[in-house]
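Laboratory data are not the source of any read-out in this text; all were calculated from the coordinates shown. Given the structure is predicted, the values throughout are model-derived calculations rather than measurements. Note that each Cβ is placed from the backbone with ideal geometry, even for glycine, and that neighbours are counted across all protein chains shown.
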């Protein structure tokens, strides 16, 4: 990059009729500064793009972890509700059996008397 301004200045001087060497030199300096600034700009944008990609990957991993945590929580809650449902079914069964026994005993005592 250090030789680029000199090479451009020589090539342009040979290709075109130069009236002012200072003007040609200023033009080449502006042109090469612009090229260098573009290179710096492209480097910065590439760095930012890579950092954004890394950030996006990190966020995806974080969201996956949160999704897994919620799935585990839902699974735990489902198991809890299934256990409660089994308990209610057992209670209902025992209550039904108990009422049936009470009704049968009542009928038997009525028959005996």
Rounded to the nearest 500 deg cm²/dmol, what is the calculated helix-only ellipticity per residue at 222 nm for the chain, with -39500 (n - 2.57) per DSSP H run of length n ≥ 4? -34500 deg cm²/dmol
So the FRET efficiency between residue 21 and residue 54, C-beta based with R0 = 35 Å and rounded to 0.05, is 0.10
Helix 21-112 sits off the longest principal axis of the Cα atoms of the chain, rounded to the nearest 10 on a 0 to 90 degree scale, by 0
Options (i) 53, 12, 10; (ii) 96, 9, 7; (iii) 76, 12, 8 - which one matches semi-axes √(5λ) of the Cα gyration tensor in Å as calculated here: (ii)
Degrees between helix 4-15 axis and first principal axis of the chain (Cα, 0 to 90, nearest 10): 50
